[in-house]
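In what follows, a structure is listed as structure tokens, so that the remarks can point back to it.
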Amino acid sequence: MIFDKELMFFDGKNINNATSVTSDALNLGTKRPFHGRIAYLGVAPKSDLTATGDPDITLSLKFANDDTFSDLVTAAFPIAKKADFESGKVFCQPIPFIHGQFVKFSIAVGGTDGIACAKLDAGIMLDPEDPIVAV
């Protein structure tokens with residue numbers, strides 16, 4: 001699996017006991033960036049994600065056609081669990097065909113206790129070889 005550096009939300013992001021984290025916006029350059037191609041959200045921890053218990057972990061992408069996100073559309077993915085984010089695994093999901101020129105990635109945990117991960121990569125992958133799709 002290869003991430004394109006220009007399509008990265010997080011590159012070695014240190015998450016320390018957070019209940020939610022949102023990336024900066026990526027400018028994809030056009031309102032229809034993938035032109036019918038299947039794009040994938042890939043989340044790859046370089047160290048195990050830790051949490052108290054086994055909370056629900058929600059991943060989402062927020063799309064908009066302007067950088068103020070005034071016309072926000074959110075694409076949510078199936079609920080994930082802590083075991084989906086062990087070091088060396090890649091959580092990979094197809095991105096729904098709702099797009100905008102600007103996009104942000106969010107990861108949130110249910111409950112009051114946060115998650116931690118020393119290094120987390122997340123980004124958009126186009127045409128990954130043999131994607132490991134978590135369901």
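The values are calculated or read from the model by the stated rules, or taken from the named source; none is laboratory data. Keep in mind it's a predicted model, so treat the numbers as computed, not measured. Backbone-built Cβ (ideal geometry, glycine too); neighbour counts: all protein chains shown.
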(Q) Quick check on residue 133: is it modelled with pLDDT under 90, closer than 20 Å to residue 10 by Cα and not acidic (Asp, Glu)? (A) yes
Q: Please find, within region 46-99, the residue that is nearest to residue 25 (Cα to Cα) out of those that are of a type in the set (S, T, N, Q) and in contact (Cβ under 8 Å) with a residue 40 or more places away in the chain.
A: 60
Q: Would you confirm whether any residue within region 66-87 is touching a Gly at 6+ places or on another chain (Cβ under 7 Å) and within 28 Å of residue 118 (Cβ to Cβ)?
A: no
Q: Give just the number: which of (1) surrounded by fewer than 16 Cβ atoms within 10 Å (Cβ to Cβ); (2) touching a Lys or Arg at 6+ places or on another chain (Cβ under 8 Å); (3) of a type in the set (D, E, K, R) does residue 86 not satisfy?
A: (2)
Q.
Can you tell me how many residues within region 45-66 are under 19 Å from residue 77 (Cα atoms) and either in contact with a helix residue (DSSP H, G or I) (Cβ under 6 Å, 6 or more places away or on another chain) or among the aliphatic types (A, V, I, L, M) (or both)?
A. 7
Q) Out of 64, 51, 76, which single residue is farther than 16 Å from residue 10 by Cβ, touching a Phe, Trp or Tyr at 6+ places or on another chain (Cβ under 6 Å) and of a type in the set (A, V, I, L, M)? A) 64
Q.
Among the residues of region 51-63, what is the count of those that are at pLDDT below 90, farther than 13 Å from residue 108 by Cα and surrounded by 13 or more Cβ atoms within 10 Å (Cβ to Cβ)?
A. 1
Q: Being hydrophobic (A, V, I, L, M, F, W, C) and in a strand (DSSP E or B) is the filter; apply it to region 45-57 and report the residue that is nearest to residue 97 (Cα to Cα).
A: 57
Q | Residues that are within 21 Å of residue 78 (Cβ to Cβ) and not in a strand (DSSP E or B), drawn from region 7-44 | A | 19, 23, 34, 38
